[in-house]
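Asks: Starting off with a structure, shown below.
The values are calculated or read from the model by the stated rules, or taken from the named source; none is laboratory data. Note that the structure is a prediction, hence the values are computed from the model and not measured. Cβ: placed from backbone, ideal geometry, glycine included. Neighbour counts: every protein chain shown.
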Amino acid sequence: MMKIKILHIGILLLFFIAGCGLDSNTSISPPTSGNCPNGQSLGCDDNCSLSPSEFDVCGVCGGDGFSCDTSTINILYNSTTDIGGFQFNVSGVDVTGVGGGAAGAVGFSVTTGNNTVLGFSLLGATILAGEGVLVVLDVVGDGDACLTDVILSDPSGTALDIEIIDCNIINSSE
């Protein structure tokens with residue numbers, strides 16, 4: 001009877017090891033989104049949750065977006081025509097804020113979202129023809145900021161012909 005119990009325990013142990021598929025060379029992986037229970041998702045911290053952790057703009061798992069170093073970039077302009085408004089996208093960095101420059105000095109409303117910058121006046125203010133700092137961007141990231149899809153308009157809303165120089169200078173000469 002004792003031999004049968006030992007044999008029985010040995011067979012159960014063999015089935016357990018074979019059933020788990022574990023041997024000395026097998027490691028256990030963290031969960032994946034495919035095996036999180038009850039509609040939960042896997043966060044960047046490798047934990048399942050209904051509100052999973054995500055990487056912030058600083059690359060910090062579960063961060064608040066304010067833990068990384070920010071820098072500022074002056075967006076310059078050179079225009080022979082008064083400016084009534086502008087819009088552009090920024091690639092290479094994440095834009096976290098915008099303000100100042102000639103746009104701030106004349107009271108333009110300036111805003112940013114999804115790396116698009118928009119500036120205009122509801123009161124009809126204009127940026128006089130000339131050159132200088134259009135706006136100052138607060139950015140995070142190690143890349144080079146470069147303007148794309150730039151629209152510059154005169155006070156009547158007509159688009160101006162522009163060229164971008166060195167990724168951050170808007171040049172318009174009519």
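Asks: Can you name the residue in the range 103-125 that is over 17 Å from I164 (Cβ atoms) and among the β-branched types (V, I, T) and, of all such residues, is surrounded by the fewest Cβ atoms within 10 Å (Cβ to Cβ)?
Replies: The qualifying residue surrounded by the fewest Cβ atoms within 10 Å (Cβ to Cβ) is T111.
Asks: Now for a separate question. Please specify each residue of the range 58-96 satisfying the condition of being over 30 Å from N171 (Cβ atoms), touching a residue at least 24 places away in the same chain (Cβ under 8 Å) and among the hydrophobic types (A, V, I, L, M, F, W, C).
Replies: C58, C68 - these are the residues of the range 58-96 that are over 30 Å from N171 (Cβ atoms), touching a residue at least 24 places away in the same chain (Cβ under 8 Å) and among the hydrophobic types (A, V, I, L, M, F, W, C).
Asks: Where residues in the range 108-159 are hydrophobic (A, V, I, L, M, F, W, C) and touching a helix residue (DSSP H, G or I) at 6+ places or on another chain (Cβ under 7 Å), which of them is nearest to I83 (Cα to Cα)?
Replies: Applying the first criterion (hydrophobic (A, V, I, L, M, F, W, C)) to the range 108-159 yields 108, 110, 117-118, 120, 122-123, 125, 127-129, 133-137, 139-140, 145-147, 150-152, 159.
Now drop any that are not touching a helix residue (DSSP H, G or I) at 6+ places or on another chain (Cβ under 7 Å), which leaves 110, 127, 133-136.
Details: V110: 14, I127: 5, V133: 13, L134: 10, V135: 13, V136: 17 Å.
Per the criteria, the residue is I127.
Asks: Does any residue of the range 58-68 turn out to be outside the structural domain of D138 (by TED's automatic domain parsing), modelled with pLDDT under 80, acidic (D, E) and surrounded by 16 or more Cβ atoms within 10 Å (Cβ to Cβ)?
Replies: The answer is no; no qualifying residue exists.
Asks: Another question about this same structure. Select from the range 107-160 the residues that are under 30 Å from G63 (Cβ atoms) and among the polar types (S, T, N, Q) and list them in ascending order.
Replies: Taking the range 107-160 first, the residues under 30 Å from G63 (Cβ atoms) are 109-119, 135-149.
Within the range 107-160, S109, T111, T112, N114, N115, T116, T148 meet the criteria.
Asks: When you scan the range 97-174 for strands (runs of 3 or more DSSP E) that lie fully inside it, which ones turn up with 1 or more residues that are in contact with a Cys (Cβ under 9 Å, 6 or more places away or on another chain) and touching a residue at least 40 places away in the same chain (Cβ under 8 Å)? Full working, then the answer.
Replies: Details: elements: 109-113, 116-120, 130-140, 146-153, 163-165, 169-172.
Of the strands (runs of 3 or more DSSP E) lying wholly inside the range 97-174, those with at least 1 residues that are in contact with a Cys (Cβ under 9 Å, 6 or more places away or on another chain) and touching a residue at least 40 places away in the same chain (Cβ under 8 Å) span 130-140, 146-153.
Asks: Looking at (1) small (G, A, S); (2) within 30 Å of I164 (Cβ to Cβ); (3) modelled with pLDDT under 65, find the lone condition where G100 falls short.
Replies: All conditions pass for G100, except number (3).
Asks: Is there a residue being buried (at least 18 other Cβ atoms within 10 Å of the Cβ), β-branched (V, I, T) and more than 15 Å from I73 (Cβ to Cβ) anywhere in the range 131-138?
Replies: No, the range 131-138 contains no residue that is buried (at least 18 other Cβ atoms within 10 Å of the Cβ), β-branched (V, I, T) and more than 15 Å from I73 (Cβ to Cβ).
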